[in-house]
Each structure stands twice: as structure tokens, then as C-alpha cells.
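Input: a single structure, listed below in C-alpha cells.
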Amino acid sequence: MAKTKPGKKDLDSYTIKGTNKVVRAGDCVLMRPSDTDKPPYVARIEKIEADHRNNVKVRVRWYYRPEESIGGRRQFHGAKELFLSDHFDVQSAHTIEGKCTVHSFKNYTKLDNVGAEDYFCRFEYKAATGGFTPDRVAVYCKCEMPYNPDDLMVQCEGCKDW
């Protein structure tokens, strides 16, 4: 287990203020932005910690939306697509609005119903350089673009191309 600083203690969980929802390290959460016109930020909790005054902080790893990345949103990015970044931060646990689920791309495409708290991630993102891992994805269709799960695709019976 990671060592904590004097006067701090690791917590196994935190109950989101005003709810009965419990979050733990490894959970994905929606975090309130300072600008209320923006959608909530999405992060994965790495650690939960309380100081000697019982102020609870969470160490998070941020997910970026395509429009927050260098290069911006592209045609093949899904509406619920996020990139797992290498950007870590410490935030007050009081800024957590709720829980969400960030699925793998494959699992997301198999969902029967996509809920408001469902997102997907197929890339890791290096915030400082704008680089992606993987740096290539399979392309489909005559347009030779990566698959966007928001767009309807039809497979040709003859050549089996999409």
C-alpha cells in the first residue's frame, strides 16, 4: 500500500455528497467544472485520502473529451468518446457529482442501451504532446475512416465491406 503523508489517512471509499452513492479507487466519476456552462469532467479515482481535519481529497486521472485535445474533435469520434490521459491531479471529493462508466470501445458497441453515464475510451492521450496510443486504428467503409459508433453502417452482402 502507498505511504501517506503525516496527518493523512487513506480511505477505502467516499460517499458522494447529497447521495448514497459510494465511490472507490478505480471508479470513474463525473466532476463539477467551475464553469457551469460546461459538461462535467470525467476522471478515474486513483486514491482517496483525508487530512487531519477530515477534508477528503481524491487523486484522479483525467479523461479528455476530443474537443479538449490537441487536434480537437474529428468526424470519427463518438459523442460519448473520451481519451484516458496521463494528466493526474488532486481535487476535493466535494466536486464529485456522480459515478459513470467508461467502457472499452468493444464493450460500448455491444451495449443495448447507452445511458447518460456511459462513455467509451479507445485511446490513451499524452496531454503534453497530443500523442495517442494506439496511434492507428482500423478503418472501414469507402470513406476509410475509423468506426464511429454513433453512425449507422451497413455491410455489403457481396464484398462484405462496410
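The values are calculated or read from the model by the stated rules, or taken from the named source; none is laboratory data. None of these values were measured; they are calculated from a predicted model. Please note: Cβ atoms are built from the backbone with ideal geometry, for glycine as well, and neighbour counts cover all protein chains shown. Heavy atoms of the whole protein, side chains included, go into the accessibility calculation; ligands, DNA and RNA do not. Shrake-Rupley method; radii C 1.70, N 1.55, O 1.52, S 1.80 Å.
In the context of the full set of protein chains, residues of the range 1-129 present 60 Å² of accessible surface per residue (probe radius 1.4 Å, heavy atoms only). The accessible surface of the range 14-62, taken with every protein chain in place and a 1.4 Å probe, is 43 percent carbon and sulfur.
Computed about the Cα centre, the dipole magnitude for the range 1-96 is approximately 240 debye when only Lys and Arg (+1) and Asp and Glu (-1) carry charge, each at its Cβ. Calculate what fraction, in whole %, of the accessible area of the range 66-138 sits on carbon and sulfur atoms when a 1.4 Å probe is rolled over the protein chains. About 49 percent, which is the carbon plus sulfur part of the accessible surface.
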